[in-house]
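Quick notes on the structure that follows.
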Amino acid sequence: MNALLQIQEPGSAEQQDNNSQANKTYGLGIDLGTTHSIIAVVCKGEPEVLCDEEGKQVIPSVVHYSDNTTLVGHEAAAMRAVDPANSIFSVKRLIGRSHEEIADNNFSNIYDISQGENNLPQFATRQGNKSPVEISSEILKYLRKFAEKRLQEQGNIGGAVITVPAYFDDAQRQAVKDAALLADINLYRLMNEPTAAAVAYALDKNTSGTLVVYDLGGGTFDISILRLEKGVFRVLATGGNTALGGDDFDADLAIHIATKLGIIKESSNQALEKLSKKQQQELLTVARQTKEKLSADITEAEVKLTQFAQGKNPEDKSNLPSHSCSITRIEFEEIIQPYIDESLTIMTSALKDAGVQNAEIDNVVLVGGSTRIPYVKQQIADFFKREPLCSIDPDLVVAMGAAIQADVLAGNRKDSILLLDVIPLSLGLETMGGLNEKLIRRNSSIPVEATHDFTTYKDGQTAMSFHIVQGERELVRDCRSLAHFTLRGLLPQSAGKARVKVTFRVDADGLLNVSAQDHSDGKMTEVDVHPTYGMNEQDFRKILEESAEMAEEDSKIRKIKLKEEDGKQLLAMLVKALADESIPPTAEESAAIEMAKNKLEESIENPTNAEEIDQAINGVSAAAEAFINRRMQEAFKNSTK
Ligand code: ADP
Ligand code: MG
């Protein structure tokens, strides 16, 4: 997606005719959750969650691989008990992570995970090795298909906004973007989950002022502090932990139950791992059910196990464990207390980063299934000394906010929203001695750009290599390695003579782009970026080619159509901006814009391939960028007056 479409002046776009539903372009909002995924779309001005074939809004993020079919959602979830090794759940916890990073994770108890190319983990399934990106793409593909089916008579789908935890780093975001591409989804934008929730509340309740979003889901904890004013959503700070959530409560409660029943002697993860996969799975499922029961109006819940009926105690067969017991709410609260304490510590530092006191918070929004736990609500209410907002279903609110943003990007909305999100972790370069030199600080508003000059240290040097890292620590080895990149094609000169200007740009999706310019001749230098954990072009193409479905759907035509749609929206917006005489383009800009515009119009009229339209779109974006930025700044000034 081009940058121009992300920029809309508050309150300036005109409402499209919502009654002409038949050829409406819909924007999908997708919450790709660890445990559940949800898809929503704006119909008649209001976000609406779509139901799957079974009439359910909440789709388990589970993929089951059998010999020749791939199941997703409820059907896949049902296979977990029967065929756990091929029923993959919570894959979001692994997406964009390296094999070694996930080594000490419970996943290896259930799945056969090995190290694939580029240090990425891969699951051995009945259909061969599958990476977290491929598994996630199955979920996205499933969601896209049922949305298409559901909306086919009412119009077409222009693209989707997919949400990610605010705390996701570049590699994780890139991985989600890759999954969207594999699922043949035109990704309008990645949006931070808490920001999406804030958008949904703001439109529903007309909330304004300073707002905290506390999102505790199955696998991740996310916090964002935002300021909302007249259609401008400015994120002040974010924080979180990508490995903290309801799954941890389940795992600890499972250990507690197993210990209480005498199934394991020592209350630890290692002891639990000695049980069979089916037994572990049952303990986890029962723990989860018990946890959810305790959120209702009861203080004690009964636990019953079946997989242990024959006394399958691997440690001591003579001493049969009993198979049922009860767990009180207080027992459960003691188990989760350290996790909730940690979330409050993270919240305190996010407030500090935002420069906001507890008392200045106007509203607290709760998101995620785990905020249904009464103890969690209580702790938050105590922390802020006010009751949190939870009137929109915490399971659905993120997808609804994403749908609103997708509707804006599809060009359907009058009340435009200007989103100013932030980058969650600093980006830096490795310098001498393994130090991290930060180029873009965390919590900077995005899109953001930083430039840096580099020179050669050897005579005749024609290439330079760099290592990009993400994180707050001083030493590179304590940060996350994102990518290595090489500048090639420099003019050979004596040492220290060359001047290369490298630009790091984080786009509105929170993704990093690197470009470089050789000062001596003003030419763009070639930049080769090798992501440390991501997929490279080759892997990517291979998977795309292997996907028989792409051939079936004649993806070329599809891609052209989607690009045409992008191009038309861009043109419409540009025409509108040019018609507004209060902030005109300069004569020079005007000429460049006109030329790029004609080229784009032509490429839409006589399309040959999607790349050509894409190039023309980029041409227009580049020609109009300064002009549009000026307009945006004006609009922003006006809106905050
Ligand atoms: P994610 O976005 O990470 O997929 P969700 O927001 O869907 O997560 O939340 C899922 C988590 O919420 C799971 O751990 C689930 O057990 C938990 N959960 C759902 N309902 C309840 C409930 N009533 N009480 C406690 N936990 C719940
Ligand atoms: Mg969620």
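The values are calculated or read from the model by the stated rules, or taken from the named source; none is laboratory data. In this text the structure is predicted, and so the values were computed from the model without any measurement. Neighbour counts run over all protein chains shown; Cβ positions are idealised from the backbone, glycine included. Just the protein is used for accessible areas: all its heavy atoms, side chains included, with ligands, DNA and RNA removed. Shrake-Rupley method; radii C 1.70, N 1.55, O 1.52, S 1.80 Å.
From the set of residues in the range 201-222 that are more than 13 Å from ligand 2 (Cβ to nearest atom) and of a type in the set (A, V, I, L, M), which is most open to solvent (accessible area, probe 1.4 Å)?
If we take residues in the range 201-222 being more than 13 Å from ligand 2 (Cβ to nearest atom) and of a type in the set (A, V, I, L, M), then L203 is most open to solvent (accessible area, probe 1.4 Å).
Report whether or not G240 is over 21 Å from V356 (Cα atoms), touching a strand residue (DSSP E or B) at 6+ places or on another chain (Cβ under 9 Å), within 16 Å of ligand 2 (Cβ to nearest atom) and in contact (Cβ under 8 Å) with a residue 12 or more places away in the chain.
Against the criterion (over 21 Å from V356 (Cα atoms), touching a strand residue (DSSP E or B) at 6+ places or on another chain (Cβ under 9 Å), within 16 Å of ligand 2 (Cβ to nearest atom) and in contact (Cβ under 8 Å) with a residue 12 or more places away in the chain), G240 does not qualify.
Can you name the number of the only condition in (1) at pLDDT 90 or above; (2) open to solvent by 30 Å² or more (accessible area, probe 1.4 Å); (3) farther than 27 Å from E117 by Cβ; (4) not charged (D, E, K, R) that T70 fails?
It fails just one condition, (3).
Out of everything in the range 166-178 that is at pLDDT 90 or above and within 15 Å of ligand 1 (Cβ to nearest atom), what residue ends up being surrounded by the most Cβ atoms within 10 Å (Cβ to Cβ)?
Per the criteria, the residue is V176.
In the range 466-487, is there at least one residue being without any contact (Cβ under 8 Å) to a residue 40 or more places away in the chain, surrounded by 14 or more Cβ atoms within 10 Å (Cβ to Cβ), assigned by TED's automatic domain parsing to the domain that holds H519 and in a strand (DSSP E or B)?
Scanning the range 466-487, I find at least one residue that is without any contact (Cβ under 8 Å) to a residue 40 or more places away in the chain, surrounded by 14 or more Cβ atoms within 10 Å (Cβ to Cβ), assigned by TED's automatic domain parsing to the domain that holds H519 and in a strand (DSSP E or B), so the answer is yes.
Within 24 Å of A508 (Cβ to Cβ) and away from ligand 1 (no atom under 16 Å from the Cβ), is that true of I446?
It is true that I446 is within 24 Å of A508 (Cβ to Cβ) and away from ligand 1 (no atom under 16 Å from the Cβ).
Can you pull out the residues in the range 375-408 that are closer than 30 Å to L570 by Cα and open to solvent by less than 10 Å² (accessible area, probe 1.4 Å)?
V397, V398, A399, G401, A402, A403, I404, Q405, A406, D407, V408
Regarding the range 179-199, can at least one residue be identified that is β-branched (V, I, T) and either away from ligand 1 (no atom under 16 Å from the Cβ) or open to solvent by 10 Å² or more (accessible area, probe 1.4 Å) (or both)?
Yes, some residue in the range 179-199 is β-branched (V, I, T) and either away from ligand 1 (no atom under 16 Å from the Cβ) or open to solvent by 10 Å² or more (accessible area, probe 1.4 Å) (or both).
Evaluate the range 314-323: report whether one residue or more is at pLDDT below 70, surrounded by 13 or more Cβ atoms within 10 Å (Cβ to Cβ) and under 15 Å from H256 (Cβ atoms).
yes
Out of the range 380-403, which residues are within 29 Å of S61 (Cα to Cα) and more than 14 Å from ligand 1 (Cβ to nearest atom)?
I380, P388, L389, S391, A403
Filter the range 52-67 down to residues that are modelled with pLDDT of 90 or more and open to solvent by less than 50 Å² (accessible area, probe 1.4 Å), then give me how many there are.
9
Scan the range 375-385 residue by residue and report those that are in contact with an Asp or Glu (Cβ under 9 Å, 6 or more places away or on another chain) and more than 22 Å from A196 (Cβ to Cβ).
Y375, Q379, A381
What is the one condition in (1) away from ligand 2 (no atom under 16 Å from the Cβ); (2) closer than 22 Å to A406 by Cα that V161 does not satisfy?
V161 satisfies all of (1) away from ligand 2 (no atom under 16 Å from the Cβ); (2) closer than 22 Å to A406 by Cα except (1).
Within the bounds of the range 169-178, is there any residue that is within 19 Å of L226 (Cα to Cα), within 16 Å of ligand 2 (Cβ to nearest atom) and out of contact with any Ser or Thr (no Cβ under 9 Å at 6 or more places or on another chain)?
So far as the range 169-178 goes, no, none of its residues is within 19 Å of L226 (Cα to Cα), within 16 Å of ligand 2 (Cβ to nearest atom) and out of contact with any Ser or Thr (no Cβ under 9 Å at 6 or more places or on another chain).
Of all the helices (runs of 4 or more DSSP H) wholly in the range 319-431, which have at least 3 residues that are not assigned by TED's automatic domain parsing to the domain that holds T238?
Of the helices (runs of 4 or more DSSP H) lying wholly inside the range 319-431, those with at least 3 residues that are not assigned by TED's automatic domain parsing to the domain that holds T238 span 329-354.
For the range 242-265, name all the residues that are open to solvent by 40 Å² or more (accessible area, probe 1.4 Å) and outside any loop (DSSP other than H, G, I, E, B).
Listed by number, the residues that qualify are D252, H256, T259, K260.
Across the range 334-369, what is the number of residues that are open to solvent by less than 10 Å² (accessible area, probe 1.4 Å) and among the hydroxyl-bearing types (S, T, Y)?
The number of residues fulfilling the criteria is 1.
Picking from A596, A577, A635, which residue would you name as being surrounded by 13 or more Cβ atoms within 10 Å (Cβ to Cβ), modelled with pLDDT of 85 or more and assigned to a helix (DSSP H, G or I)?
A596
Considering (1) of a type in the set (V, I, T); (2) without any contact (Cβ under 8 Å) to a residue 60 or more places away in the chain; (3) in contact with a His (Cβ under 8 Å, 6 or more places away or on another chain); (4) more than 22 Å from N269 (Cα to Cα), say which one T70 fails and leave the rest.
So the condition that T70 fails would be (2).
For the range 445-465, which positions are small (G, A, S) and either touching a helix residue (DSSP H, G or I) at 6+ places or on another chain (Cβ under 8 Å) or open to solvent by less than 30 Å² (accessible area, probe 1.4 Å) (or both)?
Result: A450, single match.
Determine if the range 418-431 includes at least one residue that is under 30 Å from E565 (Cβ atoms) and either open to solvent by 20 Å² or more (accessible area, probe 1.4 Å) or at pLDDT 90 or above (or both).
So far as the range 418-431 goes, yes, one or more of its residues are under 30 Å from E565 (Cβ atoms) and either open to solvent by 20 Å² or more (accessible area, probe 1.4 Å) or at pLDDT 90 or above (or both).
Where residues in the range 200-238 are within 16 Å of ligand 1 (Cβ to nearest atom) and farther than 19 Å from V161 by Cβ, which of them is modelled with the lowest pLDDT?
G219
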